[in-house]
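Report on the structure given below.
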Amino acid sequence: MGRALVPRRLEQPLLLGAAGALLTMVALVPLLALAGEAFAANLAGVARTLGAARTWELFGSSLALAASVTVLALLVGLPLGLLLGRADVSGRNTALWLHAFPLFLPPFLLALGWFHVFGRTGVLGNAGTAAALFSPIGAAIVLALALAPVVTLLVAVALQAVDPSLEEAALIAGGPWRTATRILLPLSRPAVALGALVVFSLVFSELGVPMFLRVGVYPAMVFARLGGVDYAPGEAVALSLPLVAVSTVLLLAERRAAGRRSFAALGLRTREVPALALGRWRGAATGAAWALAVLPLAPVAALAWRAGTGFRELPRWLGASPVNSLVSTLAAATFTLLVAVPVGHAAARGLRGGAGLDALAVLAFLTPASVLGAGLIGAWNRPATEAVYASLAVVAVALAARYAAIGLRTAAVVFAQSPPHLEEAAAVSGAGFLRRLGRILIPIHARGLGAAWLLTALFCLRDLEAAVLIYPAGSEPLTVRIFTLEANGPPAVVAALACSQVALSAGVLALGALALLRRRA
Amino acid sequence: MRRWRAAGGAALAATLLGLLAGGGCRSKAREVVVYASIDQVFAEPILKEYERRSGVKVRAVFDTEETKSTGVLNRIVAEAKSPQADVFWSGDPVRPFLLVRKGLVQPYRSPAAAPVPAAYRAQDGSWTGGAARARLLLVNRKLVPASEMPRSVRDLANPRWKGEIAIANPVFGTTTMHVAALATAWGDEELFAFLRALKDNGVRVASSNGEVKRLVATGEVAFGLADTDDAAEAVKDGAPIEVVYPDQDGLGTLVMPTAVVLLTGPHAEEGRKLVDYLLSPEAEGRLVAEAAHHPLRPDVPAAPGVKRVGEFRAMAVEYAKVAEAMERLQPRLREWAGL
């Protein structure tokens, strides 16, 4: 047997280093490139921007919107996750899938759908509903309904992983209510913390819905520096600096809330967990759970209703945009998974470098996409990297930078499911990290890692903000096409294009879920 | 497991091929790259027709309605180190001045530009005007009786319509040009006094002109400012909308010709040919017929119900001065818009 090319003890740090370098290249280099260039040009502008009262006023508004949406999403997602995850609600799996689906659609499409419901001439609209929709409260509710499925899903999956013996013991001591509030909900705390982090981050960086509903938010201020006449990337970068503080606080809060526990088995456990019997409350709970579960689908139904004859025009307007969406999404999700395996493992095991790279991914997730886009242009639009910049590869890079946190976090949770002693035993037997990864970790976590890939892919597929600034000429993804046609295209065609996006997301979700379920069988 | 690996490998290979197929290395095939701030719904069919006739692949980037004219403009600026776009098809003639100042324009006197009136093209060929839009008042007939029809942009500040009026965000799009043109006519301070009065009057600041059209058409507001094409679409959709050419007995209505600009992109020869086509009577005729633009060329007939430039009182503007005002006003406009 020849000598190994790399000493075994260095395999893990080298692999983590390589993954970290890739993550840095896609997520950090663009920001640093833009920052260096812009700060050198305009320090006075940067100071003025950060010193303006309006900057902090909008920052506060965005924090308030993100906090309100997070609270509302928890209010919907927690009980619903409990009911659909563990209780004997009729048809709970179907309800859970239906409820989760709008999460994988661009939020601005859902806002457009709500406009067709509650706008002044909407299906259920009048002056009062329109005024409520176009307000901070309306924006908070639209976003909360769009993102509550994050909490519902995480709580439901976490509760399915709770050891049934704990529940049985609690049921002997008290009823279902006591079991739910004293045992199940406290055990789902890490899932709730992660759900809150994801919802807060998504709302804080959301631009499309607040702009559509005319609510002033911080990302719009950043966007105004890049979309206005006096292109001012330096000020945009300066405005991104407070986000470093926000992401640090969020990470600390989430880690404090989650403690050392990991939250979910992501369906890794094949045993059947008996449902919590609701007794005489079952009928009412089923009705309430189904009503809450399908509510986020209302705007999708409104879009389908509005599309009507628009479907006939689709071949003329769709072009290659669905293929562009799929290709860039598949590449970004695959790249993210390659990075997420070593980084997620390091984060789950508390290894050096894991937490830092995790924080970098969360920072990129929170950074306004317009800043990331401008940075990517600066970093990749060079003769040497022309092949990337002039192709869909640049969209894949943008998506990977923006959504790495999703894949990485999921991978970390997946790895945390298996006790470290499996790896320790293999290491004692002489297996290096690559061997442990290939023979133990990836095989036993294949399904969980598949879920990490799928989740990342679905978030990439719904993206608008990262792609819209840098898509190569003539190769726009479907979300971009809908957005550029939205204001002036025939409304029925725009609604039909939106329905195509719904079908695309549904198709990827269905194929992914099928593949994951087949692996379990 | 093996089957999964094979499927995964095939998917990865297909993805990589697909990634680079979208562009890859700078293509040697005949192609031209155009960045357009003309509405995609109108511009794309014209570009496709050119592609069909010439056999040259046209790769386009379109603006979103929210950043109309500035999104792709800023992308051209951001890409200055390695220019990608050969042609900028602008919704107005002012933004090209910003590119001229940054040295990103190749002046080109297209032979197709000869019939365009001199007021609507640069003498050095840095930009050439095409079919124009005007800034109009869209009025909901159900909410505004004929006797109270607004006649001037200043009516937006009339307390009679408090909370019932809309404009698009002046930080972006053609509204930026409009307020800059008003500043050249009134002076900066009078402009901002007017904008403050609008705010006091509860103006709804929409994300785009298209959104203003939607607000007026659905009766969310009584009237608002938008462009000729927005007005035409609303009328075509059967919305109860009256179109008013504002200030016909005073300052005049602002006219914004589209502008075709040759940039410093990699396909100069194909870029020139596309510029020639976009300035042809055929391309202008399609914008006039399908997007209800006002024709500039005498050899292009006006669409039914749409006036020719010259048939209504146009505001007297120097586009170069408007461009200067637009840059100068931007920080104050952002402050006004709360951004």
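Values quoted throughout were computed directly from the atomic coordinates according to the rules given, and no laboratory measurement underlies them. From a predicted model like this one, the values you see are computed outputs, not experimental measurements. Here the Cβ is made from the backbone with ideal geometry for all residues, glycine too, and neighbour counts use every protein chain on show.
Using square roots of five times the C-alpha gyration tensor eigenvalues, list the equivalent-ellipsoid semi-axes of region A:363-407 in whole Å, biggest first. Let's see the in-between values first.
Numbers: eigenvalues 78, 27, 9 Å².
Semi-axes from the Cα gyration tensor: 20, 12, 7 Å.
Using per-residue counts of other Cβ atoms within 10 Å, averaged over each peptide, order A:459-465, B:155-161 from highest down. Walk me through the numbers on the way to the answer.
Numbers: A:459-465: 24.6, B:155-161: 16.9.
Per-residue Cβ counts within 10 Å, averaged per peptide and sorted highest first, yield A:459-465, B:155-161.
Please figure out what share of the DSSP beta bridges in chain B is antiparallel and state it in percent, rounded to the nearest 5.
Working: 21 of 36 bridges.
If I count the DSSP bridges inside chain B, around 60 percent turn out antiparallel.
Under 4 °C and 1.567 mPa s, how fast does region B:50-118 diffuse according to Stokes-Einstein, given a Kirkwood radius computed over C-alpha pairs? Answer in µm²/s, whole number.
Working: Rh = 13.9 Å.
Calculated translational D: 94 µm²/s.
For region B:203-299, just run the numbers: alpha carbon Rg, then divide by 2.2 N^0.38 Å, N being how many residues it has.
Details: Rg = 17.0 Å, N = 97, 2.2 N^0.38 = 12.5 Å.
Output field value: 1.36.
Roughly what percent of Cα-Cα pairs across region A:26-112 reach past 20 Å? Show your work: numbers first, answer last.
On the way: 2438 of 3741 pairs.
Cα-Cα pairs of region A:26-112 separated by over 20 Å account for 65 percent.
Per residue of A:117-126, how many C-beta atoms from partner chains lie within 10 Å of its own C-beta, taken as a mean? If you can, show how the numbers build up before the last one.
On the way: counts 0, 0, 5, 6, 6, 1, 0, 0, 2, 0.
What the average comes to for A:117-126 is 2.
Give me the tail of P(r) for region A:455-521 as a percent: Cα-Cα pairs with distance above 15 Å. Please report the intermediate quantities before stating the final value.
Details: 1310 of 2211 pairs.
Of all Cα-Cα pairs in region A:455-521, 59 percent lie more than 15 Å apart.
Just how large is the dipole of region A:435-505 about the Cα centre, in debye to the nearest 20, putting +1 at every Lys and Arg Cβ and -1 at every Asp and Glu Cβ? Show your work: numbers first, answer last.
Working: 6 positive and 4 negative charges, 140 e Å.
Here region A:435-505 has a charge dipole of around 680 debye.
Between B:Arg160 and A:Ala301, what FRET efficiency follows from the Cβ-Cβ distance if R0 is 35 Å, with the result rounded to 0.05? Please report the intermediate quantities before stating the final value.
Details: r = 40 Å, r/R0 = 1.13.
Once the sixth-power term is evaluated, E becomes 0.30.
What's the ranking of B:194-204, B:257-267 by average number of surrounding C-beta atoms within 10 Å, highest first? Let's see the in-between values first.
Working: B:194-204: 16.8, B:257-267: 24.6.
Result, highest mean Cβ count within 10 Å first: B:257-267, B:194-204.
Helix B:188-200 versus the longest principal axis of chain B: what angle, 0 to 90°, nearest 10, using Cα atoms?
Orientation of helix B:188-200: about 80 degrees from the principal axis.
Would you work out which of B:Gly285, B:Ser37, A:Leu509 lies farthest towards the positive end of the dipole of the protein assembly as shown? Charges go on Cβ: Lys and Arg +1, Asp and Glu -1.
With unit charges placed on the Cβ atoms, the residue in question is A:Leu509.
For peptide B:270-279, what's the mean number of Cβ atoms from other chains within 10 Å of each residue's Cβ? The partial results should precede the final answer.
Working: counts 0, 0, 0, 0, 0, 0, 0, 0, 0, 0.
Per-residue shielding by partner chains comes out at 0.
Within the set of other residues whose C-beta is less than 14 Å from the C-beta of B:Val203, count the net charge using Lys and Arg as +1 and Asp and Glu as -1.
Working: positive: A:Arg214, B:Arg154, B:Arg160, B:Lys162, B:Arg196, B:Lys199, B:Arg204; negative: B:Asp155, B:Glu164, B:Asp200, B:Glu211, B:Glu220.
Net charge around B:Val203: +2.
Please check which bits of region B:103-146 a label hung off B:Lys307 would reach, taking the label as a point 7 Å along Cα-to-C-beta and the cut-off as backbone N under 18 Å.
Under 18 Å, as judged by backbone N against the label point of B:Lys307, lie B:131-139 of region B:103-146.
Over region A:333-475, how many percent of alpha carbon pairs lie in each 10 Å bin up to the one with the longest distance?
In order of increasing distance, the bins hold 12, 37, 29, 16, 6, 0 percent.
Which percent, nearest 5, of DSSP beta bridges in the protein assembly as shown are antiparallel?
Numbers: 21 of 37 bridges.
Close to 55 percent.
Along Cα→Cβ, 7 Å out, is where each label goes; now give me the distance between the ones at B:Lys321 and A:Phe311 in nm to one decimal.
Here the modelled spin labels are 5.7 nm apart.
Within the set of other residues whose C-beta is less than 13 Å from the C-beta of B:Glu164, count the net charge using Lys and Arg as +1 and Asp and Glu as -1.
+2
With charges only on Cβ, +1 for K and R and -1 for D and E, what is the dipole size of the protein assembly as shown about its Cα centre, in debye, rounded to 20? Working shown, then result.
Numbers: 82 positive and 62 negative charges, 614 e Å.
That gives a dipole near 2940 debye.
In square nanometres and to one decimal, what's the mean projected area of the convex hull around the Cα atoms of region A:105-152?
Values: hull surface 13.3 nm².
Mean shadow area of the hull around the Cα atoms is 3.3 nm².
Zone of B:Lys57 (label point 7 Å along Cα→Cβ, backbone N under 17 Å): which residues in region B:71-103?
B:84-87
What is the spin-label model distance, in nm, from A:Ala53 to B:Glu335 if the labels are put 7 Å beyond Cα along the C-beta direction?
1.2 nm
Give me the compactness ratio for region A:80-166, meaning the Cα radius of gyration over 2.2 N^0.38 Å. Walk me through the numbers before you get to the answer.
Working: Rg = 16.3 Å, N = 87, 2.2 N^0.38 = 12.0 Å.
Taking N as the residue count of region A:80-166, the ratio is 1.35.
Go ahead and run the numbers for FRET between A:Leu98 and A:Ala132, Cβ-Cβ distance against an R0 of 22 Å, rounding to 0.05.
Details: r = 25 Å, r/R0 = 1.16.
The value I calculate is 0.30.
Could you name the lysines in cross-link range of B:Lys57, using Cα to Cα under 20 Å and dropping any fewer than eight places away on the same chain?
Leaving aside lysines fewer than 8 places away in the same chain, those within reach of B:Lys57 are B:Lys28, B:Lys48, B:Lys273.
What are the principal axis extents of the Cα atoms in region B:90-196, in Å, biggest first?
Here the Cα extents, ordered largest to smallest, are 50, 30, 20 Å.
Would you mind getting the Kirkwood hydrodynamic radius of chain B from its Cα pairs, rounded to one decimal in Å?
Working: mean 1/r = 0.0475 Å⁻¹.
Evaluated over chain B, this radius sits at 21.1 Å.
Within a 10 angstrom radius of each residue's Cβ in B:78-88, how many Cβ atoms of other chains show up on average? Whole number is fine.
Values: counts 13, 5, 2, 5, 10, 1, 7, 1, 1, 0, 0.
The shielding value for this peptide is 4.
Bin width 10 Å, alpha-carbon pairs only: give the P(r) of the protein assembly as shown as whole percents, running from 0 to the bin holding the largest distance.
Histogramming the protein assembly as shown at 10 Å steps yields 2, 13, 22, 25, 19, 11, 6, 2, 0, 0 percent.
If packing is taken as the average number of other Cβ atoms within 10 Å across a peptide's residues, how do A:395-402, A:110-117 rank, most packed first? Let's see the in-between values first.
Numbers: A:395-402: 28.9, A:110-117: 24.2.
So the peptides A:395-402, A:110-117, ranked by packing, come out A:395-402, A:110-117.
Kirkwood hydrodynamic radius for region B:25-164: how many Å is it when counted over pairs of different Cα atoms?
Values: mean 1/r = 0.0557 Å⁻¹.
The Cα-based Kirkwood calculation yields 18.0 Å.
If Lys and Arg each add +1 and Asp and Glu each add -1, what is the summed charge of the other residues whose beta carbon sits under 15 Å from the beta carbon of A:Gly287?
On the way: positive: A:Arg92, A:Arg280, A:Arg282; negative: A:Asp88.
For residues surrounding A:Gly287, the net value is +2.
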